[in-house]
Amino acid sequence: MKVWKLASTVTALIISTSANAALVERLGGLAYYDTDLNITWTANANINGLMTWDEANTWASSLEIAGVQGWRLPSMNLNGGGIGVNCYGGGLEGCEVNELGYLFWEEGITSDTQSPFANIVTGWLGYWSSTQLDPMYLPDGSVDHYDTMEFTDGLMGAMPIDSQAYAWAVHDGDVSAVPVPAAIWLFGSGLISLVGFARHKKV
């Protein structure tokens with residue numbers, strides 16, 4: 001019995017490790033890089049609370065974390081086409097072009113299994129994406145709708161642009177490769193000069 005328990009524990013650890021194998025810590029734990037999709041997510045999945053789509057889009061584009069700028073709302077249809085790709089149930093063929101869907105179905109990140117992320121919200125409101133629902137799917141005169149996804153069971157939806165939902169920022173590529181701002185380089189070179197000067201003075 002003890003051997004079985006140990007084996008099952010080891011198996012569980014392997015499964016949980018492989019589920020997040022593609023997520024690598026960045027910015028001292030403030031973000032995680034997905035090596036599969038070559039994007040970086042903020043570690044905090046609910047930094048700013050409920051927002052309209054315009055508010056969420058503005059917030060993401062102006063976000064700065066540990067000196068890194070250039071964040072955006074995730075896409076649910078990287079290939080275009082006017083409607084979010086529904087990858088309900090998983091499967092790389094659909095999920096690889098749906099960043100939110102991939103995180104849920106392929107990486108195993110849900111509101112119940114949040115690690116290494118935090119503050120993933122539950123409920124039907126879900127998270128905004130940058131993918132606009134094609135107006136052909138809406139009655140004439142309707143306001144713009146943007147695709148959303150919630151992390152309780154991976155369901156997709158679309159909400160009017162003036163409704164409120166949550167926002168989770170993502171960054172193209174690996175933020176560890178983002179160039180350090182010029183001011184920091186200047187500060188660093190200044191420190192090096194001071195150290196060199198101090199050493200020269202001692203001699």
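The values are calculated or read from the model by the stated rules, or taken from the named source; none is laboratory data. Everything numeric here is computed off the predicted structure, so don't read it as measured data. As a convention, Cβ positions derive from the backbone with ideal geometry for all residues, glycine included, and neighbour counts pool all protein chains shown.
Condition first: outside any loop (DSSP other than H, G, I, E, B), more than 18 Å from Asn79 (Cα to Cα) and of a type in the set (Gly, Ala, Ser). Now tell me which residues in the stretch 104-136 satisfy that.
The one that is outside any loop (DSSP other than H, G, I, E, B), more than 18 Å from Asn79 (Cα to Cα) and of a type in the set (Gly, Ala, Ser): Ala118.
Could you look through the stretch 137-155, keep only residues that are part of a loop (DSSP other than H, G, I, E, B) and among the hydrophobic types (A, V, I, L, M, F, W, C), and pick out the one that is surrounded by the fewest Cβ atoms within 10 Å (Cβ to Cβ)? Can you show your working first?
Filtering the stretch 137-155 for residues part of a loop (DSSP other than H, G, I, E, B) gives 138-144, 150-155.
Cutting the leftovers down to among the hydrophobic types (A, V, I, L, M, F, W, C) gives us 138, 143, 151, 155.
Working: Leu138: 14, Val143: 12, Phe151: 25, Leu155: 14.
So, considering only residues that are part of a loop (DSSP other than H, G, I, E, B) and among the hydrophobic types (A, V, I, L, M, F, W, C), the one surrounded by the fewest Cβ atoms within 10 Å (Cβ to Cβ) is Val143.
Here's the yes/no breakdown for (1) under 12 Å from Trp128 (Cβ atoms); (2) charged (D, E, K, R); (3) at pLDDT below 95:
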residue: Trp41; (1), (2), (3): no, no, no
residue: Ala56; (1), (2), (3): yes, no, no
residue: Glu64; (1), (2), (3): no, yes, no
residue: Val68; (1), (2), (3): no, no, no
residue: Trp71; (1), (2), (3): no, no, no
residue: Pro74; (1), (2), (3): yes, no, no
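Rundown of residues vs (1) in contact with a Phe, Trp or Tyr (Cβ under 6 Å, 6 or more places away or on another chain); (2) part of a helix (DSSP H, G or I); (3) within 20 Å of Val121 (Cβ to Cβ); (4) at pLDDT 65 or above, yes/no style:
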{"residue": "Gly157", "(1), (2), (3), (4)": "no, no, yes, yes"}
{"residue": "Pro179", "(1), (2), (3), (4)": "no, no, no, yes"}
{"residue": "Gly188", "(1), (2), (3), (4)": "no, yes, no, no"}
{"residue": "Phe197", "(1), (2), (3), (4)": "no, yes, no, no"}
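Anything in the stretch 89-125 that is surrounded by 13 or more Cβ atoms within 10 Å (Cβ to Cβ), more than 12 Å from the chain's Cα centre (by Cα), closer than 22 Å to Thr52 by Cα and among the hydrophobic types (A, V, I, L, M, F, W, C)? List them, or say none.
Those that are surrounded by 13 or more Cβ atoms within 10 Å (Cβ to Cβ), more than 12 Å from the chain's Cα centre (by Cα), closer than 22 Å to Thr52 by Cα and among the hydrophobic types (A, V, I, L, M, F, W, C): Val121, Leu125.
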